[in-house]
Amino acid sequence: MKMHNDPHSWTEFIELLHSWWRGETPMGAVLLSVVMAAMRIAYGGGGWKKMILEGSICGALTLTAVSALDYFNLPQSLSIAIGGALGFVGVEQVKAVAGRVFSSRFGGGDANQ
């Protein structure tokens, strides 16, 4: 079923939201990631600036990860889980894991030495 992105009634708007939640478009995953990151920062006592920046970066990371699902033959319905997970763990944890993975794969020690 082709989903329209310009709803003209409440039922079409609700169907659009459901398609986002089912993972048919990455918008639901990105929104979940942004909201989750903002709530995590607010819970930890961070300010508005950190909340906005963390949410934006988590949303961008989610969009990047979701775009790779087809490459790995994974279902699009995983996009919501990816968005929630990235929003929950945050940018610093993703950065630390990515640094360890790249360091072990491509060799090399600490770049600051």
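Every number here is computed from the coordinates shown, using simple stated rules; none is lab data. These numbers come from a predicted model, not from an experiment. All Cβ positions, glycine included, derive from the backbone under ideal geometry; neighbour counts span all protein chains shown.
The table below lists the values:
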quantity	calculated
Förster radius 35 Å - calculated FRET efficiency between Arg100 and His8 (Cβ-Cβ, nearest 0.05)	0.10
The chain: relative contact order in percent, alpha carbon pairs under 8 Å with at least 6 residues between	28
Net dipole in debye of the stretch 29-106 [+1 Lys, Arg Cβ; -1 Asp, Glu Cβ; about Cα centre; nearest 20]	240
Estimated inter-spin distance, Glu24 and Gln93, nm [label 7 Å along Cα→Cβ]	3.1
Chymotrypsin sites (Phe, Trp or Tyr not before Pro) restricted to the stretch 9-104 and DSSP loop, no more than 10 other C-beta within 10 Å	Tyr71, Phe72
Ascending count of other beta-carbon atoms within 10 Å, so fewest first, for Ile57, Ile52, Ile82	Ile52, Ile57, Ile82
Potential extension, Asp70-Tyr43 segment - 0.36 nm per residue separation minus Cα distance	6.3 nm
Pairwise label distance in nanometres, Ile52 with Val35, each label 7 Å out on the Cα-Cβ vector	2.1
